[in-house]
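Undergrad: Would you mind keeping the following structure in view while I ask a few things?
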């Protein structure tokens, strides 16, 4: 038998190489197919977390399907900012699925939102397209997403995402802020017009409707998904527009009983509250004015860098109940601690949480036992104290859940002035 020549042997090697390559490709494809067969399609990273067989709904042009789920409505008491006389306290509310427009009416990217309409006219505009007005909770759900974020884009405020923090009635075209979209894909929930809702403003008042969305100079407050505003339904405005929903309307409603107590009340002989304050105070490692003692406390105007004596030496002698706003109840405890050379006195602001006192801020009254006085409105109280230069007062303001301490003021004639 003759042996193959070099050319024949080369051709043979090429055929073998091609066969091996083809076999490798086939094996790889088989492995991928096997892997795909074993993979649960609901576990794919591309599948939205709300995917389920029962929610495979027919798409509607220009609308987003919001799946059924649990809305944490309003703002929990330990979060700021919040408006306790207008919002639920993070209540769990089950909502069925519904459709909502991607953009404000006329629901077209680049269009200027429709405004200057009453609620009845807004309802008619939606009904022309076989839609309806959304409820306030439906808009909140579409804004918060499945993770119940405070803002459409996440848990922390960012003014640039939706262009919030601006006043006036100027309108931006739909989609101008491309990143202003919720996790569900609903655009322009804030930073542009307010939206009429089908919900009445049931917060101890009558004849008012709820509007959602919008913009104002207080962007951190107004830009939240939970924020609402009352408006007379028959009164149009250049910054109030329309956003439509479709599908059966969710029946859940916000009904708040607003309790408005005496703004400031001295609680004589309230030893129980004093003891709860002292228990929380003695657990502190330091006692510095202006330092936030809890998630809600904030002193944006630090009045003093002094640090009091050890917390374990602080004795509460006076207690007040403070109602800065409806459905908001805080306590103020005044007392002193004996330092090495003189007394260090002041007041703590706290909240009763499940029978224990959550401390928010400490306000120094220096060497004098503190007393409290009412401000011109319930949101402000004055802590009275004294130092080597005489008497002074410090305004303490409640603003949307935050407690802010201002600097010393002294009496000059009939007026209190900052030295």
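The values are calculated or read from the model by the stated rules, or taken from the named source; none is laboratory data. Source: prediction; values computed, not measured. When we count neighbours, we look across all protein chains shown, and the Cβ atoms used for this are built from the backbone with ideal geometry, even at glycine.
Undergrad: When residue 233 is evaluated against the numbered criteria (1) within 16 Å of residue 152 (Cα to Cα); (2) in contact with a strand residue (DSSP E or B) (Cβ under 9 Å, 6 or more places away or on another chain), which criterion, by number, is the only one it fails?
TA: Of the numbered conditions (1) within 16 Å of residue 152 (Cα to Cα); (2) in contact with a strand residue (DSSP E or B) (Cβ under 9 Å, 6 or more places away or on another chain), the odd one out for residue 233 is (1).
Undergrad: Given the criterion more than 16 Å from the chain's Cα centre (by Cα), more than 16 Å from residue 244 (Cβ to Cβ) and surrounded by fewer than 18 Cβ atoms within 10 Å (Cβ to Cβ), identify the matching residue among 179, 163.
TA: Among 179, 163, only 179 is more than 16 Å from the chain's Cα centre (by Cα), more than 16 Å from residue 244 (Cβ to Cβ) and surrounded by fewer than 18 Cβ atoms within 10 Å (Cβ to Cβ).
Undergrad: Here are some conditions: (1) more than 31 Å from the chain's Cα centre (by Cα); (2) under 29 Å from residue 283 (Cβ atoms); (3) at pLDDT 95 or above. Residue 409 meets all but one. Which one does it not meet?
TA: Residue 409 satisfies every listed condition except (2).
Undergrad: Which ones in segment 71-102 are free of Cβ contacts under 8 Å to residues at least 40 places away in the same chain and assigned to a strand (DSSP E or B)?
TA: Selection gives 89, 90, 91, 92.
Undergrad: From the list 349, 381, 332, which residue is within 24 Å of the chain's Cα centre (by Cα), modelled with pLDDT of 95 or more and surrounded by 22 or more Cβ atoms within 10 Å (Cβ to Cβ)?
TA: Answer to the selection: 349.
Undergrad: Here is a follow-up. Please go through segment 330-360 and pick out each residue that is part of a loop (DSSP other than H, G, I, E, B) and in contact (Cβ under 8 Å) with a residue 40 or more places away in the chain.
TA: Within segment 330-360, just 355 meets the criteria.
Undergrad: Taking the stated definitions as given, is residue 275 at pLDDT below 95, surrounded by fewer than 20 Cβ atoms within 10 Å (Cβ to Cβ) and not assigned by TED's automatic domain parsing to the domain that holds residue 143?
TA: Criteria not met by residue 275.
Undergrad: Quick one: how many residues across segment 249-282 are part of a loop (DSSP other than H, G, I, E, B) and touching a residue at least 24 places away in the same chain (Cβ under 8 Å)?
TA: Looking only at that region, the number is 17.
Undergrad: Those residues that are surrounded by fewer than 18 Cβ atoms within 10 Å (Cβ to Cβ) and touching a residue at least 24 places away in the same chain (Cβ under 8 Å), I need them from segment 107-146; list them, please.
TA: Within segment 107-146, 108, 109, 110, 111, 112, 116, 120, 121, 129, 130, 146 meet the criteria.
Undergrad: Assigned to a loop (DSSP other than H, G, I, E, B) and either under 30 Å from residue 402 (Cβ atoms) or under 15 Å from the mean Cα position of the chain (by Cα) (or both): is that true of residue 113 in this structure?
TA: Numbers: assigned to a loop (DSSP other than H, G, I, E, B): yes; either under 30 Å from residue 402 (Cβ atoms) or under 15 Å from the mean Cα position of the chain (by Cα) (or both): no.
Answer is no for this residue.
Undergrad: Can you go through 397, 391 and tell me which one is in a strand (DSSP E or B), without any contact (Cβ under 8 Å) to a residue 60 or more places away in the chain, in the same structural domain as residue 342 (by TED's automatic domain parsing) and over 34 Å from the mean Cα position of the chain (by Cα)? Outline the logic, then answer.
TA: On the way: 397 fails: over 34 Å from the mean Cα position of the chain (by Cα).
Step by step, each of 397, 391 is checked, and only 391 is in a strand (DSSP E or B), without any contact (Cβ under 8 Å) to a residue 60 or more places away in the chain, in the same structural domain as residue 342 (by TED's automatic domain parsing) and over 34 Å from the mean Cα position of the chain (by Cα).
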